[in-house]
Amino acid sequence: MNKYILTKKLKANELSTFYSFLFGLIIAFLIGSIILFLQSKNPLDVFSLMIKLSVGSLNSLSNSLNKATPLILAGLGISIINSVKLWNIGAEGQIFMGAIALNFVYINLAIGNSNVFILVLLVSGFIGGSFCILIPALAKTIFGVNEIITTLLTNYIVIGLTLYLVNGVWKDPNSLNFPAAAYVDKSVYLPIITSKLSSGFLICIFFTFIAYYLKEKSVFGYELRIAGGSELTALYAGIKSKQVAFIAMLIGGGFAGLAGAIELLSQTHRVSTGLSQGFGYTAIIVAAITGMRPIGIFLVGILFGALSIGGSVIQTIGVSSYLAEIIQASTLFGALIIQFFFTYEVKKVQDV
Amino acid sequence: MNKYILQVKNISKKFGNVQALNKVNFSLEEGIVYGLLGENGAGKSTLMNILSGIYMPDSGIIQIRDTLIKKLNPEIASNYGIGMVHQEFRLIENFTIKDNLILSKSNKFQNNFEQIYQKYSEIFALNLKSSTYISELSVGEKQKVEIIKLLFNNSSIMLLDEPTAVLTPQETQQLKLSLEILSKSEKKTIVLITHKLKEIREFTDKIYILKNGNMVAQNLTTSATKDIDLIQLMMGEINRSEIKKDNIKGRSKLEVKELSLYSNQNFEILNNISLEIKSGEILGVAGVSGNGQVELANVICGLIKNYKGSIYISNINVSKKGVKSRKKLKLSYIPENRLGVGLAPGVSVLDNSAIKEYFKARYGPHLSSKKLKTYLSSLINQFAIKAPDIKAEISTLSGGNMQKLLMGRELIANPDVIVASQPTRGLDFNAVEAIHKLLVEQRNQGSAIMLFSEDLDELFKLSDRIIVMFEGTIIKEFSLEEFSIEKLGLAMAGINE
């Protein structure tokens, strides 16, 4: 009798992640088209409008890139932590915590030189993100508590903390009772490069290379890979697996915290519950689609940023902005399914 | 009425090209404790799995009392009263003892549970309420529950796979008493699978011996059989292919002094081990698996800490030093567990090839991928490794190539001390020969080699001396002139004459 079994392919296809992403994107747009058909809209019209209004002019391209910045940074943080096969679901909370830490330093510290002050504020955002993941990281290292659950739970804690702050001690008396902290001063806004493009995007490019270097070219990244493969092998190799995993978690949290800081200094200019529109969750999709590769995260992050901008403008012609989110999520689904066929093959074996 | 409760005739079973059982006969009478003896891979587990309905035999007959069994699966086997306790327990941890005992369909004591539980827990000296959760039990207690589970399933034939492997000496004594009661007063037939001679002698009435899938001895009476005969039957002749042992031994390279190790439960794992290996010498370490060999290798190589005693590499005390400092003194370790310890699964061939020396390719925080690649290609050339894609996962290599990569990685720098655990296990003939050649080359270049192996042919072929480990101690040491399969077998069974 013949049996069919699934086995892993012997040769890894270097571009398989890219192809599956492409397939996923096509599937996602097909799903989007069906939804538009059902609403009696012409998908081609809607999609061309989305493209035009998200990348069609310098102005709209700037918007897309600004939108991509927090997605990319948080996605990079997730990918660094995933080097050691751990999942960070808490990027959303870390983004808020980065903004909260920034605001705390902003209130309690005054530095005359605004460039130095901006730098200090960005660093405090990074540290805020690290601080947010500190408890999950300690729980993982000391007691082995599942990090997926703890990082997810910290999101709720941080969002609760944000609500408390913006409704309480930090509430801006001039906000017409809107729950938000006071605006930061214009002198600490991140400078605009051109049109609307914030210099936050440059920071994002810089950190993409840092993440790439850390993961692919550094001793630290190597130790993370081995520790992620097998803790016993790490022990055998003389690698302190718990220590490197702990540091990776703090760095990854810091990336998301930095995303929050940049978002505050370039877009919202204040702490409010609207600071992040689910960037931390979308970043998980971005990181997972690209197989945790930094350069891929950068590119897909830009695409997803453009999709969000496109999604928000098509409301003007009566299409829900949720269309963009449907496309983003279906891309991941499609890509994961296709990735399966790149990784495994069906083989016929003789029954033994 | 048939005098046999179970008869197995001419059972054969093949896995791929391996003949696991070859026309095996096996007959059991009521109320007798049998021992089934054999080395690793002799076919003991295959036979037991056939009887408990997990494997289908390729050919042969199984007869239970007077009924010829056409088809056997776990459910039918248990209806006919065949029950097995596996080495890995099959209890549900977050259920109570009672829940686990009445779980089975064939359980017959649902109504008077407490009364029957009382009776059997007395026989087994299990002083626990039936409402206790399994997760709160010690290993020994879990095993008692496993055996009682068979009784609740009304098993008349109880197959116990290595039941004493996890027990303390006191628990072993208790088990012996309990099994005696069951066989005498309840007329249970018990089959004990083991390779410990001492227990065969203490526990059993009759003995069967398997070797390479053949039943080489049937129904021997335990009290009338000598240990030495059992060992000869179990191990047979040794093929000795010759390797010249004219190697010159130099200065001491590895020394272990009064080494002891205790588990978290204060259980003694290693007890007062001292040994010395000189440059150009191969010390073979024999012993039935689980007598402290893995732990000894791990302690010497720095993976296990918190031991007592001291370790010297090239006369430098490394007792307090970690894995990396020991490696820098040219210590290489080929661990027993290839994929999982020696190599990291899910990680690329390239990354795996660098595990020993990656810190030599570092410049500050930077890791030179060029250096790593050069290193790997020299490994591939020198050790004839077939690796189609160095960026693919390590598991894409065949077992032999994985071991060659691991050996090559550990040997290419001509280490002073090599600790090799089961380096040829599971490999085909050519790969075994290649690995033996590598070890002898290293010996001739002046390495001190500690070779842990369960393959006695291999130990006799390569070693200059052999030590035998038993229950965490070195029970006996043999010099080259004293090598004899009988004496070694006795020592492995814990008998020191």
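The values are calculated or read from the model by the stated rules, or taken from the named source; none is laboratory data. This structure is a prediction, so every number in the text was calculated from the model and none was measured. When we count neighbours, we look across all protein chains shown, and the Cβ atoms used for this are built from the backbone with ideal geometry, even at glycine.
Taking the conditions (1) away from chain B (no Cβ under 11 Å); (2) touching an Asp or Glu at 6+ places or on another chain (Cβ under 7 Å) in turn, A:G200 satisfies each one other than (2). Of all residues in region B:391-432, those satisfying the criterion of being more than 11 Å from chain A (Cβ to nearest Cβ), touching an Asp or Glu at 6+ places or on another chain (Cβ under 9 Å) and surrounded by fewer than 19 Cβ atoms within 10 Å (Cβ to Cβ) are B:G399, B:I412, B:A413, B:R425. Taking region B:294-344 as the range and being outside any loop (DSSP other than H, G, I, E, B), closer than 16 Å to B:I273 by Cβ and under 28 Å from the mean Cα position of the chain (by Cα) as the test, the residues that pass are B:V294, B:E295, B:L296, B:A297, B:N298, B:V299, B:I300, B:K308, B:G309, B:S310, B:I311.
Contact map, region A:233-244: first residue more than 9 Å from every other protein chain (Cβ to nearest Cβ) and modelled with pLDDT of 95 or more, second residue buried (at least 24 other Cβ atoms within 10 Å of the Cβ) and assigned to a helix (DSSP H, G or I), Cβ cut-off under 7 Å, separation 6 or more or different chains; pairs are A:V244/A:E223; A:V244/A:L224; A:V244/A:A227. With respect to (1) part of a loop (DSSP other than H, G, I, E, B); (2) among the aliphatic types (A, V, I, L, M); (3) within 14 Å of another protein chain (Cβ to nearest Cβ), the lone exception for B:V288 is condition (3). When region A:160-178 is limited to residues that are exposed (fewer than 11 other Cβ atoms within 10 Å of the Cβ) and of a type in the set (A, V, I, L, M), the one that is nearest to A:I95 (Cα to Cα) turns out to be A:V169. Restricting attention to region A:240-281, the residues being under 22 Å from A:K85 (Cβ atoms) and either small (G, A, S) or crowded, with 24+ Cβ neighbours inside 10 Å (or both) number 10. In the set B:K184, B:K196, B:K176, only one residue is within 30 Å of B:F26 (Cα to Cα), surrounded by fewer than 20 Cβ atoms within 10 Å (Cβ to Cβ), in contact with an Asp or Glu (Cβ under 9 Å, 6 or more places away or on another chain) and assigned by TED's automatic domain parsing to the domain that holds B:T96; that residue is B:K176. Does region B:206-223 include one or more residues that are under 22 Å from the mean Cα position of the chain (by Cα), within 30 Å of B:S59 (Cα to Cα) and assigned to a helix (DSSP H, G or I)? Taking every residue of region B:206-223 in turn, none turns out to be under 22 Å from the mean Cα position of the chain (by Cα), within 30 Å of B:S59 (Cα to Cα) and assigned to a helix (DSSP H, G or I).
Region B:407-497 holds strands (runs of 3 or more DSSP E) entirely within its bounds, and those carrying 1 or more residues that are farther than 22 Å from B:S353 by Cα map to B:448-452, B:465-470, B:473-479. Within region A:242-259, does at least one residue satisfy the condition of being over 19 Å from the mean Cα position of the chain (by Cα) and polar (S, T, N, Q)? Yes, there is a match, as at least one residue in region A:242-259 is over 19 Å from the mean Cα position of the chain (by Cα) and polar (S, T, N, Q). Yes or no: region A:53-71 includes at least one residue that is crowded, with 18+ Cβ neighbours inside 10 Å, within 30 Å of A:T141 (Cα to Cα) and at pLDDT 90 or above. Yes, because at least one residue in region A:53-71 is crowded, with 18+ Cβ neighbours inside 10 Å, within 30 Å of A:T141 (Cα to Cα) and at pLDDT 90 or above. No other residue among B:L68, B:L37 is in contact with a His (Cβ under 7 Å, 6 or more places away or on another chain) and either at negative phi or not assigned by TED's automatic domain parsing to the domain that holds B:T225 (or both) apart from B:L37.
Yes/no matrix, rows are residues, columns are (1) under 26 Å from the mean Cα position of the chain (by Cα); (2) within 14 Å of chain B (Cβ to nearest Cβ); (3) part of a helix (DSSP H, G or I):
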| position | (1), (2), (3) |
| --- | --- |
| A:I5 | no, no, no |
| A:L30 | yes, no, yes |
| A:I51 | yes, no, yes |
| A:S54 | yes, no, yes |
| A:I89 | yes, no, no |
| A:I95 | yes, no, yes |
| A:A101 | yes, no, yes |
| A:Y106 | yes, no, yes |
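Within region B:359-370, the set of residues being among the charged types (D, E, K, R), under 17 Å from B:K327 (Cβ atoms) and more than 7 Å from every other protein chain (Cβ to nearest Cβ) comprises B:K360 only. Quick test for you: out of B:N381, B:N315, pick the one residue that is surrounded by fewer than 22 Cβ atoms within 10 Å (Cβ to Cβ), in contact with an Asp or Glu (Cβ under 9 Å, 6 or more places away or on another chain), more than 8 Å from chain A (Cβ to nearest Cβ) and more than 30 Å from B:L490 (Cα to Cα). Going through B:N381, B:N315 in turn, the sole match is B:N315.
Applying the set (1) within 14 Å of chain B (Cβ to nearest Cβ); (2) out of contact with any strand residue (DSSP E or B) (no Cβ under 7 Å at 6 or more places or on another chain) to A:T273 leaves exactly one unmet item: (1). Assess whether B:I385 counts as being outside any helix (DSSP H, G or I), at pLDDT 85 or above and within 28 Å of B:I269 (Cα to Cα). No. Looking across B:T132, B:T67, one residue alone is out of contact with any helix residue (DSSP H, G or I) (no Cβ under 7 Å at 6 or more places or on another chain), hydroxyl-bearing (S, T, Y) and surrounded by fewer than 17 Cβ atoms within 10 Å (Cβ to Cβ). It is B:T67. Of all residues in region B:424-436, none satisfies being modelled with pLDDT of 90 or more and among the hydrophobic types (A, V, I, L, M, F, W, C). When A:I309 is tested against (1) touching a residue at least 60 places away in the same chain (Cβ under 8 Å); (2) in the same structural domain as A:V166 (by TED's automatic domain parsing), only condition (2) is not met.
Quick grid of which residues meet (1) of a type outside the set (A, V, I, L, M); (2) in contact with a strand residue (DSSP E or B) (Cβ under 8 Å, 6 or more places away or on another chain):
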position	(1), (2)
A:F206	yes, no
A:Y236	yes, yes
A:G254	yes, no
A:L307	no, no
A:I317	no, no
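Return the residue satisfying two criteria in turn: it lies in region A:217-228 and is touching a residue at least 40 places away in the same chain (Cβ under 8 Å) and at the interface with another protein chain (Cβ under 8 Å from one of its Cβ atoms), and of such residues it is nearest to A:A74 (Cα to Cα). Residue satisfying both the conditions and the ranking: A:G221. Given the criteria at pLDDT below 95 and buried (at least 24 other Cβ atoms within 10 Å of the Cβ), does A:S114 qualify? No, not satisfied.
Across region B:334-358, what is the total count of residues that are facing another protein chain (nearest Cβ under 7 Å) and buried (at least 20 other Cβ atoms within 10 Å of the Cβ)?
9
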